[in-house]
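To keep things clear, I will list the structure first and then write my remarks on it.
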C-alpha cells in the first residue's frame, strides 16, 4: 500500500502511451481525471479504463459528469442527463388537483435517485470509478459558471435533492463529490479565468451556501472546495485555507470524507496572497490546508506533459525534504472512494429492470 498518493492527473488521448504508464505507476499518483478528448466511443473508453487499472488497480478513475452542460460522454448510448435545475423545477411544480401536499417534491426526490443511478451505472459499465458530482452551490442567479448546474436557490431543497442523487449514485456502486465548498453560486466571476471574491460574512455563508455541507455531513464521501476568496473569513481562497477546510468543514460541519482541490491549473489556483505560484506550490498549499487529493488537469497536452513530470518530481522532492508529510488517513479516504463491486456489463445494464425504471423517472 502507498503511504499517500495525492496527485490526480490526466492523459492525452484515447489510449495510454508508455509515458502515461510511467506517470500513473508513480507512487504519488493516486488517480486519473478523464475529459472529452479521452472519448471516442464506449469500446475505446472501456479499453482505456482497463489499461489504467492494469498499471495499478487502486488508481481512482474520475470524470466531471454532472448532467446538463457538464457531461463528458454524450454519444454511443450515453443518456443525455438533465441539468440539476430540472430536478429543482420538478420540486417547484404546481400541485395538481387532488394530489397530496408535497407530492411534487417527493416526485422530484425520486427522480433525483433515478438520475444518480443512471449517471453512475452508465459510467461504471465503462470502468469509471467516480464522478465529481453533485453541485451543491445555490442558484443565486448571478453565476454564469454555475447557473443551471445548481439544483435550486434554497439550501434545504438543494440538500434533499443532492442527498437523493447521491443515493442513486451509491446504488450504482459509484462514489460522489459535493462541490464547490462553501459555495460558488453567489459570485459572478468564473474561477477558471479570474479569482472570484465573495464579501459576505461567515454567518451569512453558513446560513445559506455552506448549509448543505453540514446537513449532508453523514452522507458526503468527498468535497471539492471553491477557488473563491471570502475575505471576511480568510484572505486565502477556500481551497488553500485551513480555516475553511479544517476549522469549518471538518470541525464545525463534521465532514469526514476526502477533500479534493479543484483543478490547480485554473487561473484562480495560481494566485495565493497576490503572488503567482507554480502548480507544486499550489499543491503543497492545498495539502497543507487540509486537502487529501490535488488535481492537475489538461497538462498532458502541454509540452508532451512536461508540467505533470515537473509536478511529480517537485512533489517527490518536497516529501524527501520534509516540506510535505504524506498522510495515511488521506490515503484511507482515497481508497474508500474506489468501487467495491465489479462494473456491470453495458448490454446487461441496458435491459435491467432497475435501469429501465430509472430512465422512465428522469425529468423530461
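The values are calculated or read from the model by the stated rules, or taken from the named source; none is laboratory data. From a predicted model like this one, the values you see are computed outputs, not experimental measurements. Cβ atoms come from the backbone with ideal geometry, glycine included; neighbour counts cover every protein chain shown.
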* Single match in 245, 264 (criterion: surrounded by 15 or more Cβ atoms within 10 Å (Cβ to Cβ), closer than 21 Å to residue 197 by Cβ and at pLDDT 95 or above) -> 245
* Of the numbered conditions (1) at pLDDT 95 or above; (2) in a helix (DSSP H, G or I), residue 148 satisfies every one except a single condition; which is it? -> (1)
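To keep it simple, each residue is scored yes or no on (1) in a helix (DSSP H, G or I); (2) touching a residue at least 60 places away in the same chain (Cβ under 8 Å); (3) crowded, with 21+ Cβ neighbours inside 10 Å; (4) touching a strand residue (DSSP E or B) at 6+ places or on another chain (Cβ under 7 Å).
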{"position": "13", "(1), (2), (3), (4)": "no, no, no, no"}
{"position": "19", "(1), (2), (3), (4)": "yes, yes, no, no"}
{"position": "22", "(1), (2), (3), (4)": "yes, no, no, no"}
{"position": "32", "(1), (2), (3), (4)": "no, no, yes, yes"}
{"position": "40", "(1), (2), (3), (4)": "no, no, no, no"}
{"position": "47", "(1), (2), (3), (4)": "yes, no, no, no"}
* **Residues that are modelled with pLDDT under 95 and assigned to a loop (DSSP other than H, G, I, E, B), drawn from the stretch 220-229** => 226, 227, 228
* To do: Give the residues of the stretch 290-316 that are farther than 25 Å from residue 249 by Cα, in contact (Cβ under 8 Å) with a residue 24 or more places away in the chain and not in a helix (DSSP H, G or I), sorted by residue number.
  => 298, 299, 300, 301
* To do: Collect the residues in the stretch 197-208 that are at pLDDT 95 or above, touching a helix residue (DSSP H, G or I) at 6+ places or on another chain (Cβ under 9 Å) and assigned to a loop (DSSP other than H, G, I, E, B), keeping them in residue-number order.
  => 208
* Asked: Within the set of pairs 6 or more residues apart or between chains, which connect a residue that is on the phi > 0 side of the Ramachandran plot and in a loop (DSSP other than H, G, I, E, B) inside the stretch 122-135 to a residue that is modelled with pLDDT of 95 or more and surrounded by fewer than 24 Cβ atoms within 10 Å (Cβ to Cβ) with Cβ atoms less than 6 Å apart?
  -> 127/46; 127/49
* Structure fact -> Flagged in the stretch 337-364 as surrounded by 15 or more Cβ atoms within 10 Å (Cβ to Cβ) and more than 16 Å from residue 119 (Cα to Cα), in numbering order, are 337, 338
* Structure fact -> Flagged in the stretch 154-183 as farther than 13 Å from residue 115 by Cβ, out of contact with any strand residue (DSSP E or B) (no Cβ under 9 Å at 6 or more places or on another chain), touching a residue at least 40 places away in the same chain (Cβ under 8 Å) and not in a helix (DSSP H, G or I), in numbering order, are 173, 183
* residue 236 is checked against (1) closer than 28 Å to residue 334 by Cα; (2) in contact with a helix residue (DSSP H, G or I) (Cβ under 8 Å, 6 or more places away or on another chain); (3) at pLDDT 95 or above; (4) surrounded by fewer than 20 Cβ atoms within 10 Å (Cβ to Cβ) and fails just one. What number does that condition carry? -> (3)
* Structure fact -> Residues of the stretch 317-359 being free of Cβ contacts under 8 Å to residues at least 60 places away in the same chain and assigned to a helix (DSSP H, G or I), in sequence order, are 317, 318, 320, 329, 332, 347, 348, 353, 356
* To do: Determine whether the stretch 250-260 contains at least one residue that is more than 19 Å from residue 150 (Cβ to Cβ), in a helix (DSSP H, G or I), touching a strand residue (DSSP E or B) at 6+ places or on another chain (Cβ under 9 Å) and modelled with pLDDT of 95 or more.
  => yes
* Asked: Of the residues that make up the stretch 53-70, is at least one modelled with pLDDT of 95 or more, out of contact with any strand residue (DSSP E or B) (no Cβ under 9 Å at 6 or more places or on another chain), surrounded by fewer than 16 Cβ atoms within 10 Å (Cβ to Cβ) and not in a loop (DSSP other than H, G, I, E, B)?
  -> yes
* Asked: Any residue at all in the stretch 78-88 that is assigned to a helix (DSSP H, G or I) and surrounded by fewer than 22 Cβ atoms within 10 Å (Cβ to Cβ)?
  -> yes
* Asked: Condition test on residue 128, is it modelled with pLDDT of 95 or more, crowded, with 24+ Cβ neighbours inside 10 Å, within 15 Å of the chain's Cα centre (by Cα) and over 19 Å from residue 83 (Cα atoms)?
  -> yes
